[in-house]
1. Calculate the tail of P(r) for the range A:85-177: the fraction of all Cα-Cα distances greater than 21 Å, expressed in %.
2. Using DSSP to call loops (not H, G, I, E or B), can you name the trypsin sites (Lys or Arg not before Pro) in the range B:56-143 whose Cβ has at most 13 other Cβ atoms within 10 angstrom?
3. Students often forget the sequence filter, so: which aspartates and glutamates lie under 17 Å Cα-Cα from A:Lys206 once same-chain residues fewer than 8 apart are removed?
4. How much length would be gained if the chain were fully extended between A:Lys241 and A:Gln114, taking 0.36 nm per residue of separation minus their Cα-Cα distance, in nm to one decimal?
5. Past 32 Å, Cα to Cα: identify those pairs from A:Lys115/A:Lys184; B:Lys5/B:Lys53; A:Lys32/A:Lys115; A:Lys58/A:Lys188; A:Lys131/B:Lys182; A:Lys131/A:Lys184, in the order given.
6. For chain B, the longest stretch holding no chymotrypsin sites (Phe, Trp or Tyr not before Pro) located in a DSSP loop with at most 13 other Cβ atoms within 10 Å is which?
7. State the volume of the convex hull built on the alpha-carbon positions of the range B:79-215, expressed per residue in Å³ and rounded to an integer.
8. Over the range B:180-298, how many percent of alpha carbon pairs lie in each 5 Å bin up to the one with the longest distance?
Amino acid sequence: MTVISAASLNLTFETNDGPVHALSDINLDVQKGEFVSLIGPSGCGKTTLLRVIADLEKPTGGAITVEGTTPENARLNRAYGYVFQASALFPWRTIADNVALPLEVMGLTQAERQKRVTENLKLVDLEGFEKKFPWQLSGGMQQRASIARALAVQPDMLLMDEPFGALDEIVRDHLNVQLLKLWKETGKTIVFVTHSIPEAVYLSTKIVVMSPRPGRIHEIIDCDLGEDRPLEVRETTKFLKIAQRVRDGLAAGHAYD
Amino acid sequence: MPMIKQRLLPIFTVVAAIITIWYAGAIFLNAPFEYQTAARADQQISFAEVLPKTMAQQRPVLPAPHQVAQEIWKTTGAMVMRGRAFSNRSLINHAWVTLSATLLGFVLGTALGILLAVGIVHSKVMAKSVMPWVITSQTIPILAIAPMIIVVLASIGLTGLMPKSLISMYLSFFPVTVGMVKGLKSPEVMHMDLMHTYSASRSQTFWKLRWPSSLPYLFTSMKIGIAASLVGAIVGELPTGAVAGLGARLLAGSYYGQTVQIWSALIIAAICAGLLVTLIGIIGDQVNRRMGIREASN
């Protein structure tokens with residue numbers, strides 16, 4: 001089942017320096033349960049594309065459907081949970097209250113909120129941190145809390161915008177393993193923006209290589225490393241070959257110019 | 001203990017410096033009167049003779065600190081001990097008259113300030129139409145319009161506390177409006193986007209994001225607002241014909257050249273302002289702490 005479908009999608013920002021072609025002729029289908037990474041250098045429109053899917057930006061041309069409807073309706077149906085580059089936790093709320101924030105907006109009962117908070121904090125290994133404030137947690141834990149917050153909505157899709165970009169590599173590896181596990185357990189569709197080649201290859205079933213000026217899709221690479229991916233999979237020839245293809249794709253798309 | 005030493009030492013140093021300068025000023029400013037008096041009586045007078053006299057004049061140009069302290073004690077503590085804390089001559093009574101107008105005006109001003117800020121943040125039309133008037137209102141000297149307000153309100157039967165509070169409000173809503181416009185706009189783009197992905201309504205975004213984000217700004221502007229309120233209340237007391245209040249004491253003092261009385265009222269007003277600002281600061285700290293905001297290191 002196709003959950004995201006973009007056809008000849010265009011987005012031009014009007015700026016003081018003239019129009020910026022952020023997305024140009026984007027054609028992309030994402031199937032249910034896929035883990036799709038958008039990779040490319042800064043300015044290639046990967047975040048913009050994610051924001052269009054989330055109805056945070058309006059496209060200026062072409063068509064896009066999310067779960068068979070417009071991005072706006074999908075947002076109103078709470079089809080997705082969005083994870084930002086930073087955890088975007090509210091500093092005045094405890095971790096539990098932060099996870100409960102979308103549930104309050106949805107108007108769930110106190111009991112239901114409590115249940116979902118406990119469930120999702122457990123899913124990201126943050127039991128026992130309910131009463132802590134964000135600043136009392138490490139960066140990695142904060143980002144896990146923000147993933148729990150996105151999951152609490154019980155969306156079919158997770159949209160993640162460089163969620164681990166600000167973390168060190170050790171924490172990042174750990175969270176990658178956890179994210180894969182979570183993806184396998186929940187079967188959610190994940191669209192993941194990154195500029196790390198190993199991260200994209202390790203996590204994805206499909207890698208969308210994008211290139212800048214104008215932002216466009218250069219190549220879509222299938223990443224068939226199988227279901228079971230221990231960290232060591234990154235030393236296998238297959239992994240390195242896919243990584244090489246992504247790197248070639250980025251180079252051909254003038255990412256390194 | 002070293003904490004106290006660290007904190008109190010600078011304060012005492014500054015107070016000691018002020019008092020020293022004050023005494024020096026009193027001697028310098030009051031001495032000419034003594035020399036003139038002596039000259040009129042055809043007497044020679046030495047500086048050693050002038051010195052004590054400069055600190056004990058009836059109507060000094062600048063009263064010495066201990067004269068002011070004595071006057072304050074006479075009109076506060078001493079009256080309390082005689083059970084006359086709220087008599088007409090008691091500064092406590094006058095301070096209370098001013099403070100009640102200050103507090104009412106401050107509450108009204110803060111409420112008005114917040115309401116205006118909410119409107120300005122949520123409506124472009126209001127931002128464009130109201131903000132210029134908010135700024136213009138503060139360019140008019142309060143001394144010029146205070147009598148008008150008193151006269152106009154008196155003609156519709158409003159006298160006493162309310163007119164003074166309205167002048168207080170007029171001065172105190174402004175910092176709150178400006179601070180809260182900034183505060184309500186302070187949420188990060190990411191936080192606003194987050195609420196958008198939840199399809200949160202405007203009022204949900206307000207109560208869950210904008211309002212809590214704005215609280216530190218609110219308390220900062222309330223500190224300025226309450227000091228302005230006190231000034232407003234004092235100014236509001238000037239045109240009422242010196243009935244009661246610190247403003248009335250200032251006016252009466254200046255009618256009769258009672259500089260000691262003026263300075264006592266000024267000092268009491270300053271102490272009141274200090275206490276009010278400190279009180280707001282303490283409430284602000286408490287709110288911040290309950291909101292889990294990490295304290296600045298100290």
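Derivation of every value follows stated rules applied to the coordinates shown; laboratory data play no part. It should be emphasised that the depicted structure is a prediction, and the values quoted were computed from it without experimental measurement. Every residue, glycine as well, gets a Cβ built from its backbone with ideal geometry; the counts of neighbours run over all protein chains shown.
1. In whole percent, the long-distance tail amounts to 26.
2. Hits after loop and neighbour filter: B:Arg82, B:Arg89.
3. Cα-Cα hits under 17 Å: A:Asp29, A:Glu34, A:Asp161, A:Glu162, A:Glu219, A:Asp222, A:Asp224, A:Glu227, A:Asp228, A:Asp248.
4. Contour length minus Cα-Cα distance gives 41.1 nm.
5. Values: A:Lys115/A:Lys184 22 Å; B:Lys5/B:Lys53 37 Å; A:Lys32/A:Lys115 27 Å; A:Lys58/A:Lys188 25 Å; A:Lys131/B:Lys182 30 Å; A:Lys131/A:Lys184 29 Å.
With Cα atoms farther than 32 Å apart: B:Lys5/B:Lys53.
6. B:87-255
7. Numbers: hull volume 21.4 nm³, N = 137.
Expressed per residue, the convex hull around the Cα atoms of the range B:79-215 is 156 Å³.
8. 2, 10, 14, 15, 12, 10, 9, 8, 8, 6, 4, 2, 1, 0
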